[in-house]
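K.L.:
Just passing along the structure, written as structure tokens.
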Amino acid sequence: MRKFYSVIICSLLTVAAACGSTFEKSSGYDPFLPVNKILFKHWQEKNIRVPAVSSDGVFIRRVALTAAGRLPAAAEVRDFVFDDTPGKRAKLIEKFLNSPEYADMQAMRFADMLRIKSEFPINLWPNAVQLYHRTIHDELLTDRSLKSMFYDLLTASGSNFRTAHANFFRASADRSPTGLAKMVLLTTMNMRETEFSKSELEDFAKLFSLIRYKSTYEWKEEIVYNDPVPQVITARLPDGTAVTIDSGATDPRKVFADWLLQDDNPYFARAVTNKVWYWAFGRGIYPQADDLPRLESDQRSFWAKLWGSSDSSTAKGDQPFCRELQDYMIAEFQKSNYSLKHLYRLIMNSAAFQASAVNQDEELLKNFAAYPVRRLESELLIDALAAVTKGYDRYMSVIPEPFTYLPGSSKAVNIADGSISSGTLDSFGRPPRDSGQFSERNKASTDSQGLYLMNSAALYRRLNNYCRNLQRNYRNDNERLDRIYLDILSRYPTNRERQVFKKYQTSLDKKSRHLVWSDTVWVLFNSKEFIFYH
Amino acid sequence: MIDRREFLKMMAMCGVYGAFNRVSGNLLAAPVERKREPARSVIEIWVWGGPSHLETFDPKPNAGKAYNGDYGDIPTNVKGIRISEFLPKLAQQADKYSIIRSMCHRTNGHETATYLMQTGRMPGSGITYPAIGAVLAMLKSGSYKGKLPPYIALTTNKGRFSENGFLSDRFKPLATGSNPNNPQFLVDGFVAPGGVSKEHVLRRQKYADELDSFTRSITSCRELREFEQASLDAQAVLSGNDAKAFDLNLESEAMRNRYGRTRFGQCCLAARRLVEMGVPYITINAQGWDTHKKHFESMQKLGPEFDQGFSALLEDLSEKKLLDTTLIWCTGEFGRTPRVDYQEPWNGGRNHFCHCFSTVVAGGGFVGGKVVGASDAHGERPVERPVSPVDLLWSIYELAGIDPAQKLPNPRNFDLTILPPGGGKNKLRELYQEQI
């Protein structure tokens, strides 16, 4: 083992000299990071070789997309690639985690999870959507502890227009106690009702049976509150503990929140770590990241017991790909006072996130020894096209009156309301935010997406504008080509690519020679390297 | 001996596979004892906002100015049927369609009423149901071989809810955008933006393949292969003829004028061209009918456009012998208050009215020249045979060859029937050309 590490250290020293291909280089992991120690050990156990490292160009693109939902700017790529100070990757991660776009991106993720939309079947209504989204956005910006954020979500009462967190229990298509219970299980524990028997679910639902809603004279205002008539409720928590609550003295929702958010309860931390892992990789630490198995009731006492062999998940084959890593992530999350940013930091610094994507072997993917290739989220792809061409789509809604128009340069990532969309956004799989399940976001590739990218008149117009500016701002063909590649693929063109370009340019007759620029941009927009995370 | 329901149930089970893989034949659309072919395409004319039944298919000439604004009725080419004087051309086609004058439900909000009229369900169950267009697009995708999407909206979506509900995004309507009344109907993505020749497209594609370092370096995976297939499909659309359906300039000047040079009229023409391509479900979402203020002034514009486009569509489909296999239904989510509000700020406006309104059906196995139900003297309540949204949807499904009592195959594995169980009792059997 020691020998193994020293090999890595040696190669670390030669990082700067390591000649990398376009997409990967031979070494560059920090072997002393605890998360890497766990991963290396896991890979060794699975007989998997430590994977090659993603190249700098690939890495900055990954970090920018994952943390901030955008492509890196050409200047950012240039600075990063030519920076040869040690620890530049960790510094880059901090830069993107502390950018304002970090909160934009994570607010979109949270809005999907919390089903923030005005209309069917959630019906938060526009004013509430704005308040709710903005509040969550600002809390993510300051990295508020998720423990306190979720405590507020689970216990807030008040007007949907004034108390942002009170919208949590409104954002459910089914507001019956069982419907709310299912929603709470999915949102806070990444679990489905199928993990529980009918009577267990009913007993759990009693904790939400006193929630009431009433409207006011203000149009579409709704107050969330608890039934003021004191009642004695006998309910059961998801771990089976029976509780008797006098609602006159205690809000039953608080009983659940206190249980969920105490430090020796892993359910919440397990759920959040799987969410963030899923957001970073398109797959979770558990294969079914939002359909997690149950833990046995005695597990809440101690870590070792927690993940012991008595875990009921064994039977189902629903297990984390690496239990030690799952434990570590949970412990780190709790130690950091439930900091979302800390989870992202851990993940993006890990060898799993920095691994090359060149070999997409399923066995490697399962063990996170290869970075999974997958299509960009709808909003990110549309925003990337817009950012490169400086031409944004317009978003508006005719429902309800008065009409809503988002400002002209709005990014799709920043659309607060799941009910406001566009045909293009929908066709690339923007989730309807009806249930909050991961599967709502459609990742499939379809012919209509291809038609948009290949043949949209609107996109052509923007692409031609981009080329006009390019020709105005750069005199030299090499500089122009560099700029196109940096803007779209976050890297410099290779020598081979320069040659292919030259060959194509000279093959065009004089009359159509100017098309070489728009054609090159078109080709890169339609390339997998642009459309996919890699 | 198995009866028809059993048979359909069995077929539905087989259909689950076919519906998602586009490989099965039209298993679901084959009730055994049926002679005529089920409707191949459906055109929905969605009079978005709610048309006044009094100024369309249920005029009340004797109700007085407070109700009819002094507008009257005219005879049609079917004895005994009279419609509003706003629709003289449709009056000449009355033998081709039937009028339901006793539509009713209980919700006066656009959103909820649209959802109800489109899905046959009230919202609130925790599930967003798919609209009829998405369901038919899915169940008919086995027999539809065209390259255009199976559900097309001219020109915008309704936008009240995700119309594919819990079904795959593939059955979301393609909103064409643009305006078919423009010199060129530019359906973004489907119609070439111009300036790029076919040879250049080929040359560019070769350049793309040569430049593609990524594909050269990476081992393939499912996602990448799926993307490649989708790109090939898209290229097939671009090089094929299907998208020509959107090129209305291929029609003669006379034909374009016949439908009226209006957005609505040219939408009707585009719908006919899409029917010829075999697209299973087309919806025309007509706009501007939510006439709270100055209703009669608005009708001066809306009426003639609607009259010309819809009548030309009926006549043209019938001449081309397509009306038998094309089912048309035309409705708003509700009607408008029969009593006119002459006060400020409405100045002769009509509001939302769900208690009684009119729907028109034609072709695809519906008989023409009939009236179902009737409203009272003011058009405020049905006086005979009230028809609910489910009754109407049930009949459309049946004539399109789908038993709405069958299970609806879906990717989320909800155990649900297409329409609420037992909903077929009051279906519009009196309008079926042939009893099912």
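The values are calculated or read from the model by the stated rules, or taken from the named source; none is laboratory data. Note that this is a predicted model, so its numbers are computed, not measured. For neighbour counting, all protein chains shown are included, and Cβ atoms are generated from backbone atoms with ideal geometry for every residue, glycine included. Just the protein is used for accessible areas: all its heavy atoms, side chains included, with ligands, DNA and RNA removed. Shrake-Rupley method; radii C 1.70, N 1.55, O 1.52, S 1.80 Å.
K.L.:
In the protein assembly as shown, if the dipole is taken from +1 on Lys/Arg beta carbons and -1 on Asp/Glu beta carbons about the Cα centre, which of B:Phe366, A:Thr520, B:Leu154 is farthest to the positive end?
P.N.:
My answer, from the dipole projection, is A:Thr520.
K.L.:
So which residues of the stretch B:154-195 lose at least 50 Å² of accessible area, probe 1.4 Å, when you go from the chain by itself to every protein chain present?
P.N.:
In the stretch B:154-195, residues shielded by partner chains: B:Arg160, B:Asp169, B:Asp188, B:Gly189, B:Pro193.
K.L.:
Kindly compute the accessible surface that chains A and B hide from a 1.4 Å probe when together, both sides summed, and give it to the nearest 100 Å².
P.N.:
Accessible area lost upon association: around 4900 Å².
K.L.:
Which residue fluctuates the most in chain B, going by a Gaussian network model with Cα springs under 10 Å, if the choices are B:Gln235, B:Gln300, B:Gln118?
P.N.:
Judging by the Gaussian network model, the answer is B:Gln235.
K.L.:
Find, among the chymotrypsin sites (Phe, Trp or Tyr not before Pro) in the stretch A:172-238, those assigned to loop by DSSP (not H, G, I, E, B) with at most 13 other beta-carbon atoms within 10 angstrom.
P.N.:
A:Tyr217, A:Trp219
K.L.:
Looking at chain B only, what percent of DSSP beta bridges run antiparallel? Nearest 5 please.
P.N.:
45
K.L.:
Going by amide H atoms built from the backbone, whose H comes under 5 Å of the H on A:Tyr533, apart from near neighbours?
P.N.:
A:Arg374, A:Arg375, A:Leu376
K.L.:
Please get the size of the charge dipole for the stretch A:452-533, origin at its Cα centre, with Cβ charges of +1 on Lys and Arg and -1 on Asp and Glu, quoted in debye to the nearest 20.
P.N.:
260
K.L.:
A:Tyr328 accessible area, nearest 10 Å², 1.4 Å probe?
P.N.:
Per-residue accessible area (A:Tyr328): approximately 40 Å².
K.L.:
Where nothing but the Cβ of Lys and Arg (+1) and of Asp and Glu (-1) is charged, how large is the charge dipole of chain A around its Cα centre, in debye to the nearest 20?
P.N.:
The dipole of chain A has a size of about 1900 debye.
K.L.:
Would you be so kind as to identify which of B:Tyr129, B:Ala405, B:Leu238 lies farthest towards the positive end of the dipole of chain B, taking Lys and Arg as +1 and Asp and Glu as -1 on Cβ and the Cα centre as origin?
P.N.:
Comparing the listed Cα positions along the dipole, B:Ala405 ranks first.
K.L.:
Considering only protein heavy atoms and a probe of 1.4 Å, how much of the accessible area of the stretch A:145-260 is carbon and sulfur, as a whole percent?
P.N.:
Answer for the stretch A:145-260: carbon and sulfur cover 51 percent of the accessible area.
K.L.:
Percent relative contact order of chain A, based on C-alpha pairs within less than 8 angstrom and at least six residues apart?
P.N.:
17
K.L.:
Round to the nearest 10 and report in Å² the accessible area of B:Asp212, as given by a 1.4 Å probe over the protein chains' heavy atoms.
P.N.:
40
K.L.:
Among B:Gln266, B:Pro304, B:Val279, which residue has its Cα furthest toward the positive end of the charge dipole of chain B, with +1 on Lys/Arg Cβ and -1 on Asp/Glu Cβ?
P.N.:
B:Val279
K.L.:
Run the helix sum for the protein assembly as shown: -39,500 (n - 2.57) per DSSP H stretch of 4+ residues, divided by residue count, reported at 222 nm to the nearest 500 deg cm²/dmol.
P.N.:
About -12500 deg cm²/dmol.
K.L.:
Suppose each label sits 7 Å from its Cα in the direction of the beta carbon; what would the B:Met122-A:Ala387 distance come out to in nanometres?
P.N.:
Each label point is offset 7 Å from its Cα along the Cβ direction, giving 4.7 nm.
K.L.:
What's the whole-number percent of alpha carbon pairs in chain A lying beyond 45 angstrom?
P.N.:
19
K.L.:
Report, in debye and to the nearest 20, how large the dipole of the protein assembly as shown comes out about its Cα centre when Lys and Arg carry +1 and Asp and Glu carry -1 on their Cβ.
P.N.:
Here the protein assembly as shown has a charge dipole of around 1800 debye.
K.L.:
Shifting gears a bit: Can you list residues from other chains, or at least 5 along the same chain, whose modelled amide H is less than 5 Å from the amide H of B:Ala153?
P.N.:
B:Leu174, B:Ala175, B:Thr176, B:Thr283
K.L.:
May I pose another question? Please report, for the Cα atoms of chain B, the Rg to one decimal and the Dmax as a whole number; what are they, in angstrom?
P.N.:
Expressed in Å, the Cα Rg and Dmax of chain B come to 22.7, 79.
K.L.:
If you count only protein heavy atoms with a 1.4 Å probe, what accessible area per residue comes out for the protein assembly as shown, rounded to a whole Å²?
P.N.:
39
K.L.:
Further question: Just which residues of the stretch A:361-405 lose 40 Å² or more accessible area with every protein chain there, against their chain alone, with the probe set to 1.4 Å?
P.N.:
Flagged in the stretch A:361-405: A:Val373, A:Ile399.
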